[in-house]
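K.L.:
Quick one: structure below, then a few questions.
The values are calculated or read from the model by the stated rules, or taken from the named source; none is laboratory data. This one's a predicted model, so the numbers in the text were calculated from it and none came from an experiment. Neighbour counts are summed over all protein chains in view; Cβ atoms, including those assigned to glycine, are modelled from backbone coordinates with ideal geometry.
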Amino acid sequence: MASPEEIRAAHHSGSVTFRMIDDTSGEPLGFVNWRQRGSHQSYEIAIIVGDADRWKSAYGGEAIVRLIDLLFMTYDARRVQLTTGAFNVHTIPPLIRGNFVLEGILRNFYYLDGRYHDATVWSMLRSEYEAELKKTEHLAGMKYLPTVPETDKARAHHMLWDYIAQGGRTSMDVDDLLTDVAPAPLETVKSVTTAEGGDDA
């Protein structure tokens, strides 16, 4: 387990990004993190809930859902993967329910309680995430929460449309174009072309 100083250093270096997990009262329970793994659209994630008494709560499972939403919908992820111990009775069920794909077993990967244990590697691709999103959109607890509410997006769109419709200034205003680089008169262009022998008509 990394020390707080090591976690802080990794976060500030940019190699790993951390977000806190809070309960409904605002009390911190643990954290999630992610890093690029493979291509620039491929990420590896981890979820830690520190208090063993809270391992059976739904916070860890919801943290996975929200982190997956963040990576696919904000970071344009193409692939997300997670590695966890084959002994992890609290993490494996939400991965199964979330339709992650079990990609492989890393034999004798962890050493715990005096013996070696296998690790399991799970992943989800963008196409699988989008299919899962459609299946769970009717479930309040699983529904994707957009960064900007759809009503705000619609209001901004209408404000922009009204501004343009009412003649608001834009970068394509004729006055701006003429004061910047005015195009040469067509007669001048034609005479130059004829002089160079480029117009045989």
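K.L.:
Anything in the range 80-126 that is farther than 28 Å from HIS40 by Cα, at pLDDT below 90 and surrounded by fewer than 15 Cβ atoms within 10 Å (Cβ to Cβ)? List them, or say none.
P.N.:
Result: VAL89, PRO93.
K.L.:
Using the structure shown, decide if ASP53 is acidic (Asp, Glu), surrounded by fewer than 17 Cβ atoms within 10 Å (Cβ to Cβ) and either modelled with pLDDT of 85 or more or assigned to a loop (DSSP other than H, G, I, E, B) (or both). Steps first, answer last, please.
P.N.:
On the way: acidic (Asp, Glu): yes; surrounded by fewer than 17 Cβ atoms within 10 Å (Cβ to Cβ): yes; either modelled with pLDDT of 85 or more or assigned to a loop (DSSP other than H, G, I, E, B) (or both): no.
Judged against the criteria, ASP53 is not a match.
K.L.:
OK, next. Looking at ASP76, is it assigned to a loop (DSSP other than H, G, I, E, B), closer than 21 Å to TYR129 by Cβ, of a type in the set (D, E, K, R) and at pLDDT 85 or above?
P.N.:
Working: assigned to a loop (DSSP other than H, G, I, E, B): yes; closer than 21 Å to TYR129 by Cβ: yes; of a type in the set (D, E, K, R): yes; at pLDDT 85 or above: yes.
Considered against the rule, which asks whether it is assigned to a loop (DSSP other than H, G, I, E, B), closer than 21 Å to TYR129 by Cβ, of a type in the set (D, E, K, R) and at pLDDT 85 or above, ASP76 comes out as yes.
K.L.:
From the list LYS143, LYS153, which one is under 22 Å from the mean Cα position of the chain (by Cα) and modelled with pLDDT of 85 or more? Outline the logic, then answer.
P.N.:
Details: LYS143 fails: modelled with pLDDT of 85 or more.
Just a single option satisfies the conditions, and that option is LYS153.
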